[in-house]
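These notes concern the structure reproduced below.
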């Protein structure tokens, strides 16, 4: 099996550029991560109000945790590529989203206590990490050749 067949279940040709599912997921996840991390950095301490509202609403906790489980499980089911190349990042993100969703659903109190203990600077640091990962994914999604 060659690398081309491992990079995606299908490919779409756009002129001389080949798009695999890895490219599509990289664009989609990259854009999502960039938008959410910029929002987190932009809102700053204003996120404390949002976090408190979410913590008091079981429906929002279920929705957020459920969406993370859904996103993670979809990525794992459709993109389990364990090749030492950039598509591995998408697979790892799938497992991170799944783990995060499970933590939010089943260990809600502990999850939010951990966030409180780590503090705002840690959240800001992670937002910067997610921004960098998002930009890397966007670069691979738009410019990487298979």
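Coordinate-derived values only; no laboratory data. Remember, predicted model here, so these are calculated numbers, not experimental data. Note: ideal-geometry Cβ built from the backbone for every residue, glycine included; neighbour counts use all protein chains shown.
Treating the angle as unsigned and between 0 and 90°, give the value, to the nearest 10°, between the Cα long axis of helix 58-78 and the longest Cα principal axis of the chain. It works out to around 20 degrees.
Computed from Cα positions, the angle between helix 87-106 and the longest principal axis of the chain comes to roughly 30 degrees.
For the chain, what's the relative contact order in percent, using C-alpha pairs closer than 8 Å and at least 6 residues apart? Each step should come with its number before you reach the end.
On the way: 151 pairs, mean separation 55.9, N = 146.
Computed over the chain, the figure is 38 percent.
How would 126, 42 line up from fewest to most surrounding beta-carbon atoms within 10 angstrom? The fewest-first ordering by Cβ neighbours comes to 42, 126.
Please say if segment 18-68 is rounded, prolate or oblate, where rounded means a/c under 1.5 for a ≥ b ≥ c the square roots of the C-alpha gyration tensor eigenvalues, and otherwise the choice is prolate for a/b larger than b/c and oblate otherwise? Judged from the Cα gyration tensor, segment 18-68 comes out oblate (a/c at least 1.5, b/c at or above a/b).
Go through 24-37, 82-95 and give me the packing order, highest mean Cβ count within 10 Å leading. Could you put the intermediate results ahead of the total?
Numbers: 24-37: 18.5, 82-95: 16.9.
The most tightly packed comes first, giving 24-37, 82-95.
Applying Stokes-Einstein at 25 °C and 0.890 mPa s to the Kirkwood radius of segment 88-146, computed over alpha-carbon pairs, gives a translational diffusion coefficient of 184 µm² s⁻¹.
If you wrap segment 72-122's Cα atoms in a convex hull and average its projection over all directions, what's the area in nm²? Don't skip to the end; give the middle numbers.
Values: hull surface 17.8 nm².
Quarter of the Cα hull surface area: 4.5 nm².
May I ask for the angle, rounded to the nearest 10°, between helix 21-43 and the longest principal axis of the chain, with both axes built from Cα atoms and the value confined to 0 to 90°? Taking the Cα atoms of the chain, the angle to 21-43 is about 30 degrees. Of the three principal axes defined by the Cα atoms of segment 19-143, the extents in descending order read 43, 28, 21 Å.
Per-residue Cβ neighbour counts within 10 Å put 23, 112, 79 in the sequence 112, 79, 23, beginning with the fewest.
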